[in-house]
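Before any comments, here is the structure.
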Amino acid sequence: MAPRRTGLWLLTTFFFFLLLFTVFVWGLNRILVGGASGVGRGTVLTIRLQGAIGEIAHRGPFLGPVTVREIDEALRRAATDSRVAAVFLEVGPLGGGYGKAQEVRAALQHFKESGKPVIALLELGSNLDLYIASAADTVYQVPSGQLILGMLVQEPFYRDLLDKIGVRFEVFASGPYKSAFASFTERAITEAQREMDDSLLDSLYGQWLADVAADRGMTVEALDAAFDEGLLSARRAQELGLIDELGYRDTVDDELAELAGRSPRRLSVRSYLSATQPSALARLFAADDVIALIHVSGLMVPGDFEDSLFGADIAAGSTIAGYIREAGDDPAVKAIVLRVDSGGGAASAADVMGREIELAAQRKPVVVSMSDVAASGGYWIASKATRVFANRATYTGSIGVIMGRLNLSGTYELLGVNHEIIKRGDNADLLSNAASLRPEQAEILARSVAETYADFLDVVADGRNMERNAVEAVAQGRVWTGEQALARGLIDDIGGLREALVAARAEAGIEPGGTTVLRIYPPTRTLFEEFSRLFATVAAARTVSPLSAAWLPPAVSRAWERIRVLQAAGPVWTIMDSPLPVPAW
């Protein structure tokens with residue numbers, strides 16, 4: 001009897017602490033998120049856009065930034081919700097790309113079709129902040145605020161510095177536009193880089209001018225002249241028509257109170273979604289059709305592990321391939337939408353994911369939605385889909401291959417450090433940082449890059465149904481905006497995640513009025529799983545990066561650490577590292 005009593009006691013204790021832990025996590029979420037207030041008449045949906053706009057919704061007990069999908073869903077619901085009187089945008093300072101910004105703008109414009117107003121408040125704003133805020137009906141700015149306007153590509157070149165300390169980057173690339181390590185191999189920008197960067201800036205700036213001019217009721221010429229001023233006070237911005245009113249938070253509150261007919265009840269995006277979410281029981285019996293939404297976000301690396309909330313944003317090839325395989329095999333899943341926000345990484349990781357996409361696409365629609373970036377390895381996997389959507393400002397393409405090798409032999413000599421190498425295999429030191437490449441070794445690496453590049457061209461030609469010569473003409477590592485990519489046949493449609501989901505439903509034969517369940521990958525994690533993955537990520541990082549290069553200049557050290565991580569998958573990568581236009585902060 002004693003062992004039985006002991007077993008019952010242990011089981012009871014286990015469930016007690018499990019219940020205690022669950023209550024703790026629930027309480028922590030309540031503290032972090034706040035209770036989901038009910039939606040009443042005069043509700044104002046408040047959207048705070050600061051820092052980066054999120055891509056993957058929070059997966060554990062700790063919250064990340066609000067995502068594009070959450071913003072879009074909240075605005076769609078609010079448009080038909082009679083209790084919601086208006087939307088209030090608190091904008092800036094924002095970071096990130098223009099792809100997500102265009103999706104937020106599209107969601108705001110859809111909401112405005114309901115006839116309800118959108119009011120935005122800026123403090124210190126960049127052109128990215130103004131780009132989103134201009135979609136509002138009325139734009140306020142704090143009287144002492146400023147607009148800092150400009151788009152620039154700025155890249156330092158370290159070649160002279162590295163020569164002085166004996167550091168050499170030995171790089172093999174498939175084309176002149178594949179400029180991942182140009183900062184470390186060149187003394188100035190190359191003609192190919194300049195051509196590509198000018199082209200990207202032209203496309204992006206043209207989109208910005210056209211969109212903001214239409215929003216603000218200005219001519220493109222007038223807006224271009226205002227943009228050229230660079231730094232504008234709030235009063236000057238009002239004078240030029242870039243904003244409507246000068247005011248503070250309380251000024252906006254007064255206007256919102258008039259619109260709501262009472263003291264406005266503010267709800268954040270997540271609180272509003274929580275308050276308007278159908279019950280779990282209703283969702284269980286609402287639909288038999290499922291669409292899988294699989295996020296491919298971050299640097300592509302080989303292996304079967306996930307990133308941590310506390311770690312780097314990575315896309316592990318085998319892990320994501322497993323998600324695709326699971327969704328492809330599940331008869332309840334009628335279509336798969338891949339949301340890609342990645343500049344690539346290890347070629348093997350892209351290949352593993354691409355194969356599962358190819359197999360799944362033989363059985364059901366696989367639609368790609370490109371976010372800010374879907375280039376190089378990100379484009380490799382996208383080309384396998386049945387249909388590809390990109391935002392006009394998405395960075396994509398970069399069809400090409402590169403590998404880099406850090407040669408510190410000169411540095412070691414300067415420091416008086418001697419490395420003795422004892423090896424088996426003529427080329428065991430192929431990726432050693434303590435020895436220069438021999439001519440035959442350089443041939444090996446160049447051949448490896450050329451072979452992978454040829455495979456990449458074949459993948460795109462087959463997936464996009466293009467002639468190989470036509471693919472090569474737009475390849476060589478060149479980056480395109482979504483607008484440019486559409487004209488070159490690299491994507492099928494302009495649109496965001498919303499359009500990709502609608503297309504997936506249609507291609508799967510789901511009736512327009514039918515209800516579908518969205519199954520999201522990666523799945524939500526518990527707090528215990530989160531900490532477990534944190535330790536696994538730290539251990540993996542130590543395994544692939546045993547040598548610290550912290551003594552090098554920071555930019556060089558970061559490049560070296562990236563090389564070390566990728567070399568765990570072999571020396572050839574499909575990554576996009578070209579500097580891209582950013583707000584001129």
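At full extension, Ala434 and Ile165 could sit 95.4 nm farther apart than now, given 0.36 nm per residue minus the alpha carbon distance.
In order along segment 218-235, the Karplus-derived 3J(HN,Hα) couplings, from 6.51 cos²θ - 1.76 cosθ + 1.60 at θ = phi - 60°, round to 10, 7, 4, 5, 5, 5, 4, 5, 5, 4, 5, 5, x, 10, 10, 5, 4, 5 Hz, and Gly and Pro are given as x. Remark: the Arg187-Leu415 segment gains 79.6 nm on full extension, using 0.36 nm per residue and subtracting the alpha carbon distance. Note on segment 224-265: with charges restricted to the Cβ of Lys and Arg (+1) and Asp and Glu (-1), its dipole about the Cα centre is near 240 debye. Here the Karplus relation 6.51 cos²θ - 1.76 cosθ + 1.60, evaluated at θ = phi - 60°, turns the backbone of segment 41-48 into coupling constants of 4, x, 6, 10, 6, 9, 10, 9 Hz, with x for every Gly and Pro.
Residues whose amide H comes within less than 5 Å of that of Thr394, counting only those at least five positions distant or on another chain, are Gly482, Glu483 (H built at 1.01 Å from N in the peptide plane).
Values in this text are rule-based calculations from the coordinates and carry no lab data. Owing to the predicted nature of the structure, the values given are computational and were not obtained by experimental measurement. Cβ coordinates were reconstructed from backbone atoms using ideal geometry, including for glycine residues, and neighbour counts include every protein chain displayed.
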